[in-house]
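To keep things clear, I will list the structure first and then write my remarks on it.
Values in this text are rule-based calculations from the coordinates and carry no lab data. Quantities reported herein were computed from a predicted structural model and do not represent experimental measurements. Here the Cβ positions follow ideal geometry from the backbone for every residue, glycine too, while neighbour counts run over all protein chains shown.
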Amino acid sequence: MSIQMEKYTAGFGLALIVTSLLNAVILLIKEMNASVMNAMKTALGHHWTTHGAIVIIVFFILGFVFSSMNFEEKWDSQKMLKFIVLATIIGGIIIAGFFLPNLKVAGSGIKY
């Protein structure tokens, strides 16, 4: 059953989709580029703090921007849910795919 959304639900739902993917992209960039990692460490004291701040700021900015763009007229709850789940899965696969080759099983001495 599809339910029409109000403007802030649609706007911030779309912001969630974008920032979920952005989170994975930022992780890849900072982990593969030492100068980006160092800049993020310098900016707010730790790269994860800077990473989190960027994602949160982008989420709120995009949420308000998208809320003013009448997406509630084009998107219903079912469509939004499908895209949120898809973005979360894609982001998770990107992150897991990056870190999986470096996984070590604790105590076994085996590196996968």
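What to note about this one:
- Here the Gaussian network model covers the chain, with springs between Cα atoms less than 10 Å apart; of ALA15, ALA34, ALA53, ALA34 fluctuates the most.
- Among GLY92, GLY63, GLY45, the largest mean-square fluctuation in a Gaussian network model of the chain, built with springs joining Cα atoms closer than 10 Å, belongs to GLY45.
- Segment VAL18-ALA53, length gained on full extension (0.36 nm per residue, minus Cα span): 11.1 nm
- Between helix 77-99 and the chain: long-axis angle, C-alpha atoms, 0 to 90°, nearest 10: 10 degrees
- Hydrodynamic radius (Kirkwood) for the stretch 7-102, which is based on Cα pairs only, to one decimal in Å: 14.3 Å
- The stretch 31-90: trypsin sites (Lys or Arg not before Pro) in DSSP coil with no more than 15 other Cβ atoms inside 10 Å: LYS74
- Taking the C-alpha atoms only, the angle from helix 34-44 to the longest principal axis of the chain is near 70 degrees.
- For ASP76, net neighbour charge (Lys/Arg +1, Asp/Glu -1) across residues whose Cβ lies under 15 Å away: +1
- Difference of contour (0.36 nm per residue) and Cα-Cα distance, LYS82 to TYR8: 24.9 nm
- In the chain, lysine pairs closer than 19 Å at Cα, eight or more apart or cross-chain: 5
- Length released on extending from VAL65 to THR42, taking residue separation times 0.36 nm less the Cα-Cα span: 5.3 nm
- Cα-based helix-to-principal-axis angle, 7-32 vs the chain, degrees rounded to 10: 20 degrees
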